[in-house]
Amino acid sequence: MYRIGVKNWYLSFMAGLYLIVPVTASEESIVMPENDNLRAQPGYTDYSTMPAPASSGSFNFTVKKRLINGREKNRVNLGYCGDGFAAADTDKFYKYADSNMAYRRGLTSIKNNAMVARPFPRYDKFFNWYFINLISPKSGIPGPLGGATSGRLGTIQDYKGWSLFSQATKQFGIDTIHWHSAILNINGYYNSGGPIAVYAYPNWGDIAMHEQGHGFHYFADEYAGSGSDTREYGEINSTAKIGSEKWSHWVGYKDVDPRTRSGGGTPTGDTVGYYLGSRYVNSGQYRPTSNSKMNMTGQDNPVSYNAICREKIIHDIYGNVKPIDTMLANADAVSDPDSVWVQVIDPAVLKVDWYVNDALKKPNGGTSILRNEIAAVPGTYIVKAHVYDEIIRHMNGDNKTPDTLDLVRKDTTKMVRDVQWTVNLAIVGIITTLEKTAFLLSVSNTTVLFSLPRPGAVTFDLIDVNGRQVRSVTIRGAAGRNSIDLLGDAIGRLSGGMYLLKMTAGKITQVAPVMMQSR
């Protein structure tokens with residue numbers, strides 16, 4: 001937490017559709033949300049061991065599935081609630097919850113927003129957003145969560161917050177909310193970064209992200225204070241030892257993100273090293289960079305997370321999601337598929353290399369491999385998809401002029417997944433576009449399936465290994481899918497073996513190998 005000046009910025013953000021479910025629920029035993037990354041940290045308080053708050057009242061709230069990017073079991077689920085927002089303040093709560101969402105996504109007009117929010121805009125599709133509109137009997141804190149201020153701190157009673165989130169999670173119909181934020185209905189600099197990150201509503205931008213850095217990722221404050229402390233703490237971004245392995249792999253890296261604060265200067269970058277002064281003391285503790293979002297920041301002049309924090313954020317994201325959402329079933333062998341495919345969380349982030357019998361067939365080849373790309377002859381093949389975050393290809397680059405995707409330098413196991421299929425191909429066809437004139441889909445027995453974007457003549461020629469034409473058929477196909485039996489009764493008069501099937505549509509010709517079986 002660091003006190004800075006705050007400007008009121010205009011936010012232009014298109015509101016989406018909401019799913020609204022009204023709820024009035026009595027307080028109950030707390031179900032602790034799963035967040036292994038946070039629970040494993042030293043000093044973490046498990047509020048599930050505490051009794052539910054003594055109260056004869058109830059939580060009166062509505063829930064909104066604000067932005068759903070995919071199935072909740074494979075997304076990081078972010079939850080927002082308010083405290084001190086009366087029914088008349090409902091629009092205000094949603095406005096400021098929306099504001100933080102837009103800021104984390106890099107969508108506002110605030111200076112350098114897309115850069116200083118890194119790495120979150122890159123991983124936008126990895127998140128679902130859930131809002132809880134807690135109705136307070138009056139406008140202003142304290143509300144039902146006991147929101148309060150002390151000096152520059154803003155807090156809630158965490159065990160009440162967990163109870164609310166637990167009840168709301170059930171109403172959303174999901175298993176868990178991973179990361180939690182509470183917004184206080186008070187105008188001023190009042191914030192704190194506990195397991196539930198708390199901020200007052202004017203501080204929805206960089207200050208909120210600073211506090212969420214504490215609550216979501218267990219980051220230390222990187223600013224100094226007075227005195228000395230030589231103890232080693234668990235946070236990744238503060239150390240008592242120069243040369244500490246916490247970020248030795250980043251030393252010398254010159255960050256391309258904004259760092260300056262004085263007078264709104266232009267971004268100058270910052271080099272990772274060991275800078276004296278962190279965790280509220282002037283000596284004994286070192287921070288990775290001279291400034292960062294966990295040091296001195298604000299909406300009037302925002303700065304970015306440093307490389308060490310960005311790396312931890314990405315690790316935390318992958319601690320809750322897997323790269324693949326779904327895929328072609330692979331428990332049993334697959335026979336003659338049109339394609340083998342995977343559905344990844346975001347194809348812009350996650351790339352796929354395709355292998356056939358351990359040979360690289362399609363590097364960065366998209367989310368599917370087509371039948372004819374697997375093999376040109378019948379047989380049984382092992383098809384493997386190697387799914388990986390593209391940042392892996394940019395690790396450990398030049399420190400002086402780093403690539404913008406040099407975001408992680410170790411511990412990439414969860415960013416990669418390999419899956420494979422046993423694929424049996426009987427008769428191999430061709431699947432390829434013909435400059436939008438025709439599209440041959442597959443060959444099965446003697447029937448050819450093909451598709452045309454518009455009506456037109458299509459000629460099929462069957463050619464033997466000596467180059468002799470043994471069959472030629474010309475038809476006029478309709479727009480869309482068509483089929484034709486190329487040989488009919490003539491198949492009995494052909495020798496078994498390899499043939500070439502030539503398809504001609506207009507000036508475009510495509511040839512596919514076909515294996516014929518003797519009768």
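Per-structure values
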quantity: Close pairs (6 angstrom Cβ cut-off, 6 or more residues apart or separate chains): buried (at least 21 other Cβ atoms within 10 Å of the Cβ) in the range 83-111, in a helix (DSSP H, G or I) anywhere; calculated: PHE85/PHE93; TYR96/TYR201; ASN100/ALA208; ARG104/PHE120; THR108/ALA102
quantity: Residue match in the range 59-77 (condition: open to solvent by 60 Å² or more (accessible area, probe 1.4 Å) and either in contact with a Ser or Thr (Cβ under 6 Å, 6 or more places away or on another chain) or at positive phi (or both)); calculated: yes
quantity: Candidate set: the range 158-203, residues that are of a type in the set (Val, Ile, Thr) and buried (at least 24 other Cβ atoms within 10 Å of the Cβ); chosen: the one nearest to ALA88 (Cα to Cα); calculated: ILE183
quantity: Residue ranges of strands (runs of 3 or more DSSP E) in the range 392-467 with at least 2 members at pLDDT 85 or above; calculated: 416-425, 456-463
quantity: Neighbours by Cβ (under 8 Å, 6+ apart or cross-chain): first from the range 201-216, farther than 16 Å from LEU153 by Cβ; second open to solvent by 10 Å² or more (accessible area, probe 1.4 Å) and among the β-branched types (Val, Ile, Thr); calculated: GLY205/THR108
quantity: Test: residue in the range 211-228 that is farther than 28 Å from ARG105 by Cα and touching a Lys or Arg at 6+ places or on another chain (Cβ under 9 Å); calculated: yes
quantity: Positions within the range 70-104 being of a type in the set (A, V, I, L, M) and either part of a loop (DSSP other than H, G, I, E, B) or modelled with pLDDT under 95 (or both), in sequence order; calculated: ALA86
quantity: Answer residue from the range 129-154, given it is assigned to a strand (DSSP E or B), small (Gly, Ala, Ser) and within 14 Å of ILE196 (Cβ to Cβ) and is most open to solvent (accessible area, probe 1.4 Å) among those; calculated: ALA148
quantity: Candidates THR412, THR401, THR367 - the one that is hydroxyl-bearing (Ser, Thr, Tyr), touching a helix residue (DSSP H, G or I) at 6+ places or on another chain (Cβ under 8 Å) and closer than 25 Å to PRO119 by Cβ; calculated: THR412
quantity: Pick from the range 468-488, criterion at pLDDT below 85 and part of a loop (DSSP other than H, G, I, E, B), ranking: nearest to the chain's Cα centre (by Cα); calculated: ALA479
quantity: Residues of the range 375-391 satisfying the condition of being at pLDDT below 95, of a type in the set (A, V, I, L, M) and open to solvent by 40 Å² or more (accessible area, probe 1.4 Å); calculated: ALA376, VAL377
quantity: Pairs, first in contact (Cβ under 8 Å) with a residue 40 or more places away in the chain in the range 381-403, second in a helix (DSSP H, G or I), C-beta under 7 Å, six or more apart; calculated: TYR381/ILE374; VAL383/ILE374; TYR388/MET415; ASP389/MET415
quantity: Check on ASP124, surrounded by fewer than 22 Cβ atoms within 10 Å (Cβ to Cβ) and in a loop (DSSP other than H, G, I, E, B); calculated: no
quantity: Residue in the range 280-296 that is nearest to ARG104 (Cα to Cα), counting only those that are assigned to a loop (DSSP other than H, G, I, E, B) and either open to solvent by 40 Å² or more (accessible area, probe 1.4 Å) or among the acidic types (Asp, Glu) (or both); calculated: MET296
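For (1) farther than 20 Å from LYS312 by Cβ; (2) modelled with pLDDT under 90, each residue gets a yes or a no:
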| residue | (1), (2) |
| --- | --- |
| GLY252 | no, no |
| ASP255 | no, yes |
| PRO267 | yes, yes |
| ASP270 | no, yes |
| TYR274 | no, no |
| SER278 | no, no |
| VAL281 | yes, no |
| ARG287 | no, no |
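The values are calculated or read from the model by the stated rules, or taken from the named source; none is laboratory data. On a predicted model such as this, the values are computed, not experimentally measured, just so you know. Don't worry about glycine lacking a Cβ; one is built from the backbone with ideal geometry, like all the others, and counts go over all protein chains shown. Only protein heavy atoms, including side chains, enter the accessible area calculation; ligands, DNA and RNA are left aside. Shrake-Rupley method; radii C 1.70, N 1.55, O 1.52, S 1.80 Å.
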